[in-house]
Amino acid sequence: MTDNFISAVVANKKGEIFELKGYSALGMVGRSFVPLTNNETYNVPFGTEFMFLPERVPILFNRKNEKIEAISENPYKKGEKVYPVATFNSPGYVITHIPAYEGTDNCKPLPLFSYGAVGLHKDKFRSAIILVDKERRQDLRLMKIDRVIAGVKKTRNLFPKNRLVVHLEKCALTYGCPAAKNFFIGRYEAPLPTSQACNAKCLGCISLQEKKDLSNCQERIAFTPSPEEIAEVAVLHIKNVQNPVVSFGQGCEGDPLLSSDVIEEAVKTIRAKTCEGTININTNASRPNALKKLFDAGIDSIRVSLNSVREECYNAYFRPARYNFSDVIESIDIGISNGKFVSINYLNLPGFTDTIEEVSSLISFIKAHPINMIQWRNLNFDPLYYLKTMYEVTPHTKNIGMKMALIEIKKAFPKIKFGYFNPPKEKFRYK
Ligand code: SF4
């Protein structure tokens, strides 16, 4: 029975990861522990990062007595504390299980990453994942730093006074932002951050964190670029890239709808220079009227961030200030009725997203609001903290598993697109 189970890996306090012989790896879905099997896992994708989880104890399957055990000390090295290991998988993969572990009392929240379950089989690390997007848009092997640096120099010479170019240089060279790198290399999608403010307070906001024990991944843009500065960046990208996409709403800003006046002028300036390319906006969709103006100005597609389609769960994560969930729904409907390509940026976590309550709500939601695409994004937040928050908001009964959740949604809506990246308009109608 256990032959198909993959081996457990743990780490010591130095972060050295090793196999714990005699133990099998377990994943967690909601409150249940599930053995990771060879045929439900894949070799860890290139670009995936490994992490060990401090102040936490791995829960493993002991092959000898066939019991599930919390292992805080290396059974083969007395006194050596061991910790759970997780993977931060590269873009395009949905995690199906989080690692099985328990937190010690008062443990600090984990940093803003997603935590996927991992094990070992025939000396290969195996991740519990599903591939939803094959595109190599953020494949680090295709984004060599020397090409980025060359692009930075060329662009700086072209637009020496453009503050947005200077901001994106820091994003590319300091934060390692793949979108900013792609702009300087001239690939796929370019970022157009504009907003210093936001009207939500997401628990896992990567650009602003008020909690002392949690740090944001990057600083928010400290100025509002002019429509001309935005248009210079966008038109350069559109003219140099095949099937180009330029996107408002990035990780280094608040929400773009809070600078919609500047964006409206920028979009008109871009469209006055070229009708090529796809202008996209990633947003919390909190301001339907402002969005309508942007659609009229020439925005082609919208990606709306949602952790859930149930208001109480949405409010518990996004903590909206000065808008309501109904505004978000109204924005989605305006996008659909204006024939725009509408995606949801679905922040998913096994244990919540695959509950029958969330899956059935999502199916009813899409029936009422026929969106074009679901971008499956692993939630970058402490999984157990998130599950506790969501389970306190409303009861959840059963998990069907992420794999089954995707199958059920595709069965209900065969035409809906699954992926990870904003498609160019040339691909709006393709699977
Ligand atoms: S909507 Fe975006 S910028 Fe605003 S709080 Fe949430 S993650 Fe942060």
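In region 182-296, Cα pairs under 8 Å separated by at least six residues give a relative contact order of 32 percent. Distance between the modelled labels on Ile68 and Lys388, one decimal in nanometres: 1.9 nm (7 Å Cα→Cβ projection). Only Cα pairs under 8 Å and 6+ residues apart enter the sum, and on that basis the relative contact order of the chain stands at 14 percent. Protein-only accessible surface at a 1.4 angstrom probe places the residues Lys170, Lys411 in the order Lys411, Lys170, largest first. Shape analysis of region 371-431 yields a ratio of the Cα radius of gyration to the Kirkwood radius, Rg/Rh, of 1.06. Size descriptors for region 140-427 (Cα atoms only): Rg and Dmax, in that order, 18.8, 59 Å. For Leu112, the amide hydrogen comes within under 5 Å of the amide hydrogens of Ser215, counting only partners 5 or more places away or on other chains and with H modelled in the peptide plane.
For a straight C-alpha distance cut-off of 17 angstrom, the lysines reachable from Lys212 (same-chain residues fewer than eight places away being disregarded) are Lys108, Lys201. Scalar couplings 3J(HN,Hα) for region 110-116, obtained by applying the Karplus form with A = 6.51, B = -1.76, C = 1.60 to θ = phi - 60°, are 6, x, 6, 9, 9, 10, x Hz; x denotes Gly and Pro.
Across region 2-131, the mean sequence separation of Cα contacts (distance under 8 Å, 6 or more residues apart), normalised by length, yields a relative contact order of 30 percent.
For the residues Glu66, Glu102, Glu80, a 1.4 Å probe over the protein chains yields an accessible-area ranking, largest first, of Glu66, Glu102, Glu80. The percentage of C-alpha pairs in region 2-131 whose separation is greater than 24 Å is 20%.
Which of the pairs Lys64/Lys403; Lys181/Lys239; Lys211/Lys398 have their Cα atoms more than 23 Å apart in this structure?
Details: Lys64/Lys403 30 Å; Lys181/Lys239 17 Å; Lys211/Lys398 32 Å.
Result: Lys64/Lys403; Lys211/Lys398 exceed 23 Å.
Computed with every protein chain present, the accessible area of Phe33 is close to 80 Å² [probe 1.4 Å]. Scoring 69-76, 357-364, 302-309 by mean Cβ neighbours within 10 Å over their residues and listing the highest first yields 302-309, 357-364, 69-76.
For Lys78, a cut-off of 17 angstrom between C-alpha atoms picks up these lysines, skipping any fewer than 8 places away in its own chain: Lys13, Lys14, Lys21. Global dimensions of region 235-361 from alpha-carbon coordinates: Rg and Dmax equal 15.6, 49 Å. Reachable aspartates and glutamates from Lys134, Cα under 16 Å, same-chain residues fewer than 8 places away excluded? Filter leaves Glu189. Only alpha carbons enter this Debye calculation for region 145-296, each as an equal point scatterer, and the log10 of I(q)/I(0) it gives at q = 0.12, 0.13, 0.18 Å⁻¹ is -0.48, -0.56, -1.06.
The values are calculated or read from the model by the stated rules, or taken from the named source; none is laboratory data. Only a predicted model underlies this, so the values are computations on that prediction, with no experimental measurement involved. Neighbour counts run over all protein chains shown; Cβ positions are idealised from the backbone, glycine included. SASA here: full protein model, heavy atoms, side chains in, ligands and nucleic acids out. Shrake-Rupley method; radii C 1.70, N 1.55, O 1.52, S 1.80 Å.
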